[in-house]
1. Would you mind stating whether Lys91 is at pLDDT below 95 and under 18 Å from the mean Cα position of the chain (by Cα)?
2. In the stretch 61-74, how many are over 18 Å from Ile138 (Cβ atoms) and crowded, with 16+ Cβ neighbours inside 10 Å?
3. Only one of (1) over 20 Å from Gly286 (Cα atoms); (2) at pLDDT below 90 fails for Gly186. Which number is that?
4. Go over the candidates Ser79, Ser137, Ser173 one by one and state the one that is among the polar types (S, T, N, Q), surrounded by fewer than 20 Cβ atoms within 10 Å (Cβ to Cβ) and within 30 Å of Ile38 (Cα to Cα).
5. Of all residues in the stretch 112-137, count the ones that are outside any loop (DSSP other than H, G, I, E, B) and aromatic (Phe, Trp, Tyr).
6. Which is of a type in the set (D, E, K, R) and touching a strand residue (DSSP E or B) at 6+ places or on another chain (Cβ under 8 Å), of Glu57, Glu40?
7. Given the conditions (1) touching a strand residue (DSSP E or B) at 6+ places or on another chain (Cβ under 9 Å); (2) surrounded by fewer than 22 Cβ atoms within 10 Å (Cβ to Cβ); (3) among the hydrophobic types (A, V, I, L, M, F, W, C), and given that Leu318 satisfies all but one, which numbered condition is not satisfied?
8. I'm told Lys15 meets every condition in (1) under 24 Å from Leu118 (Cβ atoms); (2) in a helix (DSSP H, G or I) except one. Can you identify the failing condition by its number?
Amino acid sequence: MDNNQFSGNIGEGLKRLISLTVLDMSKNYLTGVIPSWIEELWSLYMLSLSNNMLEGEIPISLFNMSFLGPLDLSANKLSGAIPPRLNSMFKVVLNLEDNNLTGTIPDTLLENVSVLDLRNNKFSGNIPEFINTQNISILLLKGNNLTGAIPLNICDFSRIKLLDLSNKRLNGSIPSCLSKTSFGRGKDSETSDYDYSETSDYDFNIRFDSICMESDGITPKNSRRYYNSLLVLDPFTMEYTTAVQTKINFSAKHRYDTYMGGNLRYMFGLDLSENELSGEIPEELGDLLELHALNLSRNSLSGALPESFSRLDNMESLDLSFNSLQVRIPSQQTEMRSLVVFNVSYNNLSGVIPQGRQFNTFDESSYIGNPHLCGKPTGRSCSNNVSEEPEDGVEDDEDVVFMESFRMSFVVGYVIIVLVILASVSCDSPWRRDWFSVVDAFNRMMKSLSS
């Protein structure tokens, strides 16, 4: 029933469909409130009412349905507070994005939720110290009125894949303990008990196999067995499959991409952009080995870029723009072999821009707003800064060796010249006698002037 032109309230005629498992009325023109009688559809597993014009509060009865899995109420005009918890026996994928929901986020909301999307609502207060966080794999809170620091118990998210806390007023520093999350598992995560099923496709199959009749012409029997029937209808098979996929829009590589199915299973991303975070970027973020996208832009972060970022082999998009980062870009950054997007624009960085590998592909837009950066691709000479680094990104150790050799050669040459002069003076030679004659004449002239 999705993607039609149904209008008005949700009809009560649906109440009689007590065996209904999937109800998708998204992308219509439905108005009014979500009826509380939906809880009477006790077999309902998937409910999608997204992209309508539904108003009012979310019925608590909806959160008490025992078999509910995916629940999508996004892109409506729902208001009021959110019920504290879902009591389904399954892990719930809950999408409430783009509504007018208010109040605080309950700290019990993640108890039975694997995917939670609350983006672009009007929630206020702090991000709660969530309890029972062992199931959450995707948490999206962008675009609310949340304040305060990032709670440390986020570091207990052992299955987190996508975490979006951007576009709010969060302050304080970035927790260094984020390396304890599943972002930092690295190769060990491949052998862990992580279950990706909560972000896989939801498939509902109804299969009607061959219909065969017993000899009485009344009793149906499965065609996969042997029959002694007098009447056998031509066997047929009808398959009806509805695929309900978890689709997530996440910002990476300067754009929003949709991840679903297999792509979503392997996507790890952290977005803390457009907040008021301050302090230095923790070195421990270099342990987030699973990350494919990291966005820390538009904060008040300071200090140097961590050299530990060179360990992020899976990183494809790194955005650190519009901060107050200082010092030079570590040459070790060129070891990030998967990097496609790199943005450090509008900081206070200085020195030579490393070159080599992926860094040869980044244009000036990656570095704009850093007037003290030089070298490729800015076009600014490094003659008044530091000597330009080799294109392979290796430190200029050869220059250091050359300078040391030059100093030693100068000292040795000076000593040799002094020794030659002393030896010449000490010998009885015409040159020696002429030298002392000049010295005596100079002394007589000085005495006559003084008298």
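1. Criteria not met by Lys91.
2. Final tally of qualifying residues: 3.
3. Among (1) over 20 Å from Gly286 (Cα atoms); (2) at pLDDT below 90, the lone unmet condition for Gly186 is (1).
4. None of the other options fit; the residue is Ser79.
5. Selection size over the stretch 112-137: 0.
6. Glu57
7. Unmet for Leu318, out of (1) touching a strand residue (DSSP E or B) at 6+ places or on another chain (Cβ under 9 Å); (2) surrounded by fewer than 22 Cβ atoms within 10 Å (Cβ to Cβ); (3) among the hydrophobic types (A, V, I, L, M, F, W, C): (2).
8. Failed condition: (1).
The values are calculated or read from the model by the stated rules, or taken from the named source; none is laboratory data. Just so we're clear, the structure is a prediction, and the values are computed from it rather than from any experiment. With ideal geometry, Cβ positions are generated from the backbone for all residues, glycine too; neighbour counts draw on all protein chains shown.
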